[in-house]
Number of protein chains: 2
Amino acid sequence: MRIIIDAMGGDNAPSAVVDGAFRAATDFNVAVSLVGDESKIAAYIKEKGYSNDKVSIVHASEVIAMDDNPIDVIKNKKDSSMVVAMNMLSIGEGDALVSAGNTGALVTGSTLIVKRIRNVRRAALGTLMPTKDAFMLLLDVGANSDCTPQFLHQFAVMGSVYMNKLYRLDAPKVGLVNIGTEDEKGSDVAVATNKLLKKTDLNYIGNIEARDIPAGVADVVVCDGFTGNIILKLTEGLAHVLFGKIRAVFKSNIFTKLAALLVKRKFMEFKKSMDYTEYGGAPLLGLRKPVIKAHGSSDANAFYHAIRQAVNYTKSGIIEEIATKVAADKEESADA
Amino acid sequence: MRIIIDAMGGDNAPSAVVDGAFRAATDFNVAVSLVGDESKIAAYIKEKGYSNDKVSIVHASEVIAMDDNPIDVIKNKKDSSMVVAMNMLSIGEGDALVSAGNTGALVTGSTLIVKRIRNVRRAALGTLMPTKDAFMLLLDVGANSDCTPQFLHQFAVMGSVYMNKLYRLDAPKVGLVNIGTEDEKGSDVAVATNKLLKKTDLNYIGNIEARDIPAGVADVVVCDGFTGNIILKLTEGLAHVLFGKIRAVFKSNIFTKLAALLVKRKFMEFKKSMDYTEYGGAPLLGLRKPVIKAHGSSDANAFYHAIRQAVNYTKSGIIEEIATKVAADKEESADA
């Protein structure tokens, strides 16, 4: 197995990418192609004294910036690390791709270059997020702002397959994000989607309110990319503000400062358990090959976990299973 | 001034409503009409020994349940406390209405019975929510799941007037909830709304990401009711899970238990500052008279604050100002 890595993507590229890649290549015994500025990558490898036959460099002269327009760069930055990596994946010079670069470019480029599984209407970006006692897959988190009930149905199918194959959940509970649990609640799209999902053989638990998402009522939380992005980003923002406020509470006076010392270790453990970047990268689902979006601020450890996730995604049979299921759904709706 | 109160709405009715109403009638020197089951209300008043000439009871034989279908009950439960209260407000037997009952019924009923200000396309439900160092008005939070750019523009206008008149913010900063700050980002509606808001004389700061909402980047945060409800409910759910987890951290061992004692008072203060139910009720904006939706779980203190808010809303001139602004906008777009 060979994992292709966009070595220039993310805030800490290429150093954190290279660190994570060497560790992963050894631990998971996989070949790794580091795509990017050869001289920079080679210099860093030399500096660190890394050596592993399984790691190779593929030169790419350009880099996609975080604020580049996705469609423009896919067309025009043909020799960017991300586009070169996607082309390699597409022609079989590797089995999976990991990138921490521009999300829009990765989604757009993957759809154009790696291409969708037959019958899949839209690729979806999923993110594992911590819940009260476990974690769940939220999708879509930004690949598709406007969704039809048919897109959302496929997201539910793809998310269920992912959680089943990768985390061995027998019948992942699927919930649809809505503003009430009753059937008539919500936007026109939500009402129609709920109706559609009820007819499937998914383990569909119905509409779920945003209040219940952090409690972990569902394993697969389905919504359009606009709503998913709001959920993901608000969670980030709220956690940031709350932890900042808690830090201020502990700094209030001498007693609270003492309290901080006593509770520090347990508190850090808890904070870490709530950090979704610890859960690896965000899988793009619905493509012909595994693509993992690592968080833009990924450190070496996050890249290591994202590569592990790419390895597992490749081995899992997720893509074949999605292909089978969406084809069956298509036949069924043609029969109806 | 007379405030009409739906004495049967909410989880703690009528006792908490009556407690809050008597306190408010005295402190704010306003007349209060308690609408609901006369015998129950009178018995509770007698039990508590309350006496105030400014408080009167208006009998209503029915109660709207939390899960009643809004349109059905407005049509069929004509003698429910909420419908009687809305009719009183409509014909001038009071200046403002407070209810902790069924949100959908209150929104639908207010639109049908109290009616919208001329030229206002949709009434919006707003909620004050705490931010890092202050608070902001989020609207809509559930009255309108599907919104056009024109509705959202009016929400921005109404929210700005509310924050200006009630909290003396000179030029409230208005942000549009979106999944990126760039102009081309987001759903079709979000793109069109951003374009529209840029042309107004509002203090429009542009698209804002959900991540930045808790930090307090805007005073008025505009979105459709679906998105607003997600933001409100997810904030509730996350706070609940996080505070539960923190409680567990403090119970870990003897050291953390000691820490809990040392930090308890400061921590409770912080928790209270983050509780949006402390900020009074949710105003319905765009109606001809002030209507305040109190939280379903409101206690006497929450009702007291919701009544204060109704008094201020009535005195503020908000409704006249909204009427003037939306009429001016209408003329302008007719000119264009």
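Quick rundown of the values:
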| quantity | calculated |
| --- | --- |
| Kirkwood hydrodynamic radius over Cα pairs of region A:221-335, then Stokes diffusion coefficient at 25 °C and 0.890 mPa s, in µm²/s | 139 |
| For A:168-180, mean number of other protein chain Cβ atoms within 10 Å | 2 |
| Exercise: per-residue mean of other protein chain Cβ atoms within 10 Å, A:211-221 | 4 |
| Buried area at the B-A interface (accessible, heavy atoms, 1.4 Å probe, summed, Å²) | 4600 |
| Where rotation carries A onto B, the chain A residue whose Cβ is nearest that axis, in whole Å | A:ALA259, 2 |
| Cα coordinate range in region B:14-137, projected on the principal axes (Å, largest first) | 45, 45, 28 |
| Choice from B:ASP19, B:ASP133, B:ASP183 with maximal GNM fluctuation in chain B (Cα, 10 Å cutoff) | B:ASP133 |
| q = 0.12 Å⁻¹, region A:60-196: log10 I(q)/I(0) [Debye, one scatterer per Cα] | -0.59 |
| Stokes-Einstein D (µm²/s) once Rh is taken as the Kirkwood radius of region A:185-283 over alpha-carbon pairs, at 37 °C in 0.692 mPa s | 196 |
| Descending Cα extents along the principal axes, region B:285-336, whole Å | 50, 21, 12 |
| log₁₀ of I(q)/I(0) at q = 0.21 Å⁻¹ - region B:128-265, Debye sum with one point per alpha carbon | -1.21 |
| Across the identical copies, how the B:ALA192 labels are spaced - nm, sorted shortest first, 7 Å along Cα→Cβ | 1.6 |
| Among A:ILE319, A:ILE117, A:ILE179: highest mean-square fluctuation, GNM of chain A, C-alpha pairs under 10 Å | A:ILE179 |
| Bins of 10 Å, starting at 0 and running to the largest distance - Cα pair percent for region A:218-263 | 24, 30, 20, 18, 7 |
| Percentage relative contact order, region B:68-214, counting C-alpha pairs under 8 Å, at least six apart | 16 |
| Using a 7 Å Cα-to-Cβ projection, A:LYS48 label spacings across copies, nm, ascending | 6.7 |
| Label distances, nm, B:ASN301 versus same residue in remaining copies, Cβ-directed 7 Å point | 4.0 |
| Heavy-atom accessible surface of the protein assembly as shown: percent carbon and sulfur, 1.4 Å | 49 |
| At 1.567 mPa s and 4 °C, Stokes D of region B:59-115 from Kirkwood alpha-carbon radius, µm² per second | 118 |
| Extent along principal axes [Cα atoms of region B:116-201; Å; largest to smallest] | 34, 33, 26 |
| Sequence-separation-based contact order of region A:213-293, relative, with Cα cut under 8 Å and 6+ spacing, percent | 10 |
| Karplus 3J(HN,Hα) series, Hz, for region B:209-217 with 6.51 cos²θ - 1.76 cosθ + 1.60 (x for Gly, Pro) | 8, 4, 4, 8, 4, x, 6, x, 5 |
| Solvent-accessible area per residue, Å², over chain A with all protein chains present [probe radius 1.4 Å] | 42 |
| Region B:257-304: equivalent-ellipsoid semi-axes (sqrt of 5 x gyration tensor eigenvalues, Cα, Å) | 34, 10, 7 |
| Alpha-carbon radius of gyration plus Dmax, which is the widest Cα pair, for the protein assembly as shown in Å | 27.5, 90 |
| For chain B, the fraction of alpha-carbon pairs in successive 10 Å shells from zero, as % | 6, 25, 31, 23, 12, 3, 0, 0 |
| Where labels lie 7 Å past Cα in the beta-carbon direction, separation of B:THR200 and B:ASP27 in nm | 3.3 |
| Region A:20-92: Rg to Rh, with Rh as the Kirkwood radius over Cα pairs | 1.02 |
| Label-point separation, A:ALA328 to B:PHE243 (7 Å along Cα→Cβ), nm | 4.5 |
| GNM top mover of A:GLU269, A:GLU209, A:GLU182 - chain A, alpha-carbon springs below 10 Å | A:GLU269 |
| Sorted peptide list for A:59-71, B:144-156, B:4-16, criterion being average Cβ within 10 angstrom, highest first | B:4-16, B:144-156, A:59-71 |
| Selection of trypsin sites (Lys or Arg not before Pro), region A:213-291, meeting DSSP coil and at most 11 other Cβ within 10 Å | A:LYS251 |
| Delta accessible area of at least 30 Å² on complex formation, residues of region B:185-200, 1.4 Å probe, chain isolated as reference | B:SER187 |
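The values are calculated or read from the model by the stated rules, or taken from the named source; none is laboratory data. Being a predicted model, the structure only gives us computed values, none of them experimental. Cβ: placed from backbone, ideal geometry, glycine included. Neighbour counts: every protein chain shown. The area values use the complete protein model at the heavy-atom level, side chains included, leaving out ligands, DNA and RNA. Shrake-Rupley method; radii C 1.70, N 1.55, O 1.52, S 1.80 Å.
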